[in-house]
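Comments concern the structure below.
Coordinate-derived values only; no laboratory data. A quick note: this is a predicted structure, and the numbers were derived from the prediction, not measured. Glycine gets a Cβ as well: all are built from the backbone with ideal geometry, and neighbour counts include every protein chain shown.
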Ligand code: NAP
């Protein structure tokens, strides 16, 4: 197929690498010329440019993935839609869906929202890697007006790069990912910021030396792309605040158990947590 990717960063670049390895022709559009050059040299795209007019294969394009930051998705679709045939399928990879879907579908009826549940702590084209989506969940958010043929094509493209497909409505997506993706980013960032509250410099330095696999695991998502975390909070504010307040209640309960020296109750809570964890893995 002839595929376009707009926003050649971690997700866009990684997708380009995988789609090209399956024989698709991929063009890329990004903000900076140096990113376009790097995307070509690492093999993420066949051609790239900073303006749609530079893309030689635009007329043959069948599918476009918008992989820009969340706050640029609608602006990007508004800018490209008038220049595309109505048959072109547009999708996105944004971490939040409700804020995008209605407007995007109005701008281009053959739009379907998407979100691959894959990432690393790094960003930009230099972070792009092969097989990023292998074995990872990917959500599409079709609705009653969605073109079924377009849905089938997107499903099979994501499956071809190894993703495990799910479908749900945008609100269900945003509430679900608030629990398992957006809340962990804030908790993990909070953990790092809390460690920085140690007032004794010698103790703080010793803690930094002793930090090992446990701290690496629990701090990983909090140490990721700050722009992404902040846009997620802005665009999924209600669901994220609900989950953060639930977390605050659980944390207050754990603090209370420790203050009250209720070790039996604490062990019970930790046993429940140990069992529940398996449901998410
Ligand atoms: P990223 O690594 O920062 O890449 C985004 C790239 O988009 C930037 O490198 C930038 O390239 C380009 N860009 C920015 N504004 C643009 C614009 N207006 N037009 C064209 N290109 C533009 O970010 P990412 O992690 O790939 O995230 C991209 C999208 O994927 C976001 O919507 C995010 O919510 C979603 N997502 C992220 C993850 C994750 O864990 N990172 C996971 C799933 C989904 P230049 O270098 O050219 O400026």
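The slack between residue 60 and residue 171, meaning 0.36 nm per residue of separation minus the straight C-alpha distance, is 36.6 nm. Springs between alpha-carbon atoms under 10 Å, Gaussian network over the chain: tell me which of 148, 208, 248 tops the mean-square fluctuations. Highest fluctuation of the listed residues: 208. Extension gain, residue 144 to residue 33, is 36.0 nm, computed as 0.36 nm per intervening residue step minus the present C-alpha separation. Between 167, 62, 54, the GNM of the chain built on Cα springs shorter than 10 angstrom shows 54 fluctuating the most.
With the contact rule set at Cα under 8 Å and sequence spacing of 6 or more, what percent relative contact order holds for the chain? Before the final figure, lay out the partial values.
Numbers: 430 pairs, mean separation 43.0, N = 281.
Here the relative contact order equals 15 percent.
Across the chain, counting alpha-carbon atoms alone, Rg and Dmax equal 21.2, 70 Å. Between residue 159 and residue 195, the C-beta separation translates, for a Förster distance of 41 Å, into a calculated FRET efficiency of about 0.50. Semi-axes of the equivalent ellipsoid of the stretch 71-218 are 38, 16, 15 Å, computed as sqrt(5λ) over the eigenvalues of the C-alpha gyration tensor in descending order. For the chain, modelled as a GNM whose springs connect Cα atoms under 10 angstrom apart, the maximal fluctuation among 214, 43, 162 occurs at 214. In this calculation the C-beta distance from residue 230 to residue 262 is compared with R0 = 41 Å, giving a FRET efficiency of 0.65. Can you tell me the 0 to 90 degree angle between the C-alpha axis of helix 237-259 and the longest principal axis of the chain, rounded to 10? Helix 237-259 sits roughly 20 degrees off the main axis of the chain.
For the chain, what does -39500 (n - 2.57) per DSSP helix run (n ≥ 4), summed and divided by total residues, give at 222 nm, in deg cm²/dmol to the nearest 500? Helix-only estimate at 222 nm: -15000 deg cm²/dmol.
In the chain, the longest principal axis of the Cα atoms and the axis of helix 226-235 are about 80 degrees apart. Here residue 278 and residue 203 are evaluated by their C-beta separation; at R0 = 35 Å the FRET efficiency comes out at 0.50.
Across all Cα atoms of the stretch 192-281, the radius of gyration (one decimal) and Dmax (whole number) stand at 16.4, 42 Å.
Does anyone have the angle between helix 183-195 and the longest principal axis of the chain? Alpha-carbon axes, 0 to 90°, nearest 10? Result, in degrees: 50.
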